[in-house]
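Structure first, then comments.
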Amino acid sequence: MPDSQPQPQPSEGVPADTTALVLCGARLTDGRTVDVRLGSGRIEAVGTAGSLAAHGTRVDLAGYLLLPAPAEPHAHSDTALTALTPDGPGSYSPEDVQRRATEAALLQLGHGATALRSHVRIGDAQELGRMQAVLQARRSLRGLADLTAVAVPRLLTGLAGADGLAMLRDAVKMGAGVVGGCPDLDPDPAGYAEAVLGIAAEHGCPVDLHTDGDDPVRLARLAAMAGGLRPGVALGPCAGL
């Protein structure tokens, strides 16, 4: 990597057009070296190095690797920015959750991440309040970042799990884009996973299960159970591995 950051340069002899930007000589992951022209917030053209007219501002990216914007695949927006709260656990009022979720997403956007998947606890004393707040944050971020909410109930099996099942369905109906949960915290982890997979199949949603993955047999069972589901299943963060 070059020691200094590439600096935008106006094209010689061409009036600068603040709406146009040409990235020159960038390397792609397949090894090609290309020019990329941007305009009105979109990629207008990609061509071999030196092939695009550099109207407006150009940036020399020789020696740099050009990548799509990164994504954050596993966040917790409802508890974001609470670790250093001076007065103990942070407030989970809808207003505070929405504010923190929005601030956390903007911090990540400042580092280039334009997509974020957030696990959001449902049930307990807040019921669907945290989910409502994160979905409101998603609406406020529209056009800046793509925030996807994962509904995470605590229990889904036995008599105690009946409320969790109903709330999980309600969360999907109100806008949660992914069905999730923590099977490790349920007395019946396999039954919990079956319930999540069933609701996901019912609504055509992806699945994202939060598990430590410290039991290889249980992890293999989860993977086998989820193998046939579409549109997709994620298991994470698997810190136990």
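The values are calculated or read from the model by the stated rules, or taken from the named source; none is laboratory data. Just so we're clear, the structure is a prediction, and the values are computed from it rather than from any experiment. Cβ sites come from the backbone with ideal geometry, for glycine too, and all protein chains shown count toward neighbours. All accessible areas refer to the heavy atoms of the entire protein, side chains included, with ligands and DNA or RNA removed. Shrake-Rupley method; radii C 1.70, N 1.55, O 1.52, S 1.80 Å.
Students sometimes get this wrong: rank 111, 203, 210 by accessible area, probe 1.4 Å, all chains present, largest first.
Result, largest first: 111, 203, 210.
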Taking 0.36 nm per residue of separation between residue 185 and residue 125 and subtracting their Cα-Cα distance, the length gained on full extension comes to 19.9 nm
Looking at the chain as a GNM with Cα springs under 10 Å, which of 168, 135, 65 has the largest mean-square fluctuation? 65
With every protein chain present, what accessible area does residue 139 have (1.4 Å probe, heavy atoms only), rounded to the nearest 10 Å²? 100 Å²
Which entry is the computed percent of Cα pairs over 27 Å apart for this structure: (i) 39; (ii) 49; (iii) 34? (ii)
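Size of the dipole of the chain about the Cα centre, Lys and Arg at +1 and Asp and Glu at -1 on the beta carbon, nothing else charged, in debye to 20?
Computed about the Cα centre, the dipole is about 580 debye.
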For residue 202, what accessible area in Å² do you get when you roll a 1.4 Å probe over the heavy atoms of the protein chains, rounding to the nearest 10? 110 Å²
Relative contact order for the chain using alpha-carbon pairs under 8 Å, separation at least 6, rounded to a whole percent? 12 percent
Heavy-atom accessible area of residue 91, protein chains in place, probe 1.4 angstrom, given in Å² to nearest 10, is 50 Å²
With every protein chain kept in the model, how would you rank 81, 38 by accessible area, 1.4 Å probe, largest at the top? 81, 38
Of the heavy-atom accessible surface of the chain (probe 1.4 angstrom), what whole percent is carbon and sulfur? 54 percent
DSSP beta bridges in the chain [antiparallel fraction, %, rounded to 5]: 40 percent
Please give the length that would be gained between residue 229 and residue 40 if that part of the chain were fully extended, namely 0.36 nm times their separation in residues minus their C-alpha to C-alpha distance (nm, one decimal). 64.2 nm
With runs of 4+ DSSP H residues as the only contributors, calculate the mean residue ellipticity of the chain at 222 nm using -39,500 (n - 2.57) per run, divided by the residue total and rounded to the nearest 500. -9000 deg cm²/dmol
Which one of 214, 188, 60 has the biggest mean-square fluctuation once the chain is modelled by GNM with Cα springs under 10 Å? 60
Select from 82, 33, 157 the residue whose mean-square fluctuation is largest in a Gaussian network model of the chain (Cα-Cα springs shorter than 10 Å). 33
Average accessible area per residue (Å²) across the chain - probe 1.4 Å, nucleic acids and ligands excluded: 54 Å²
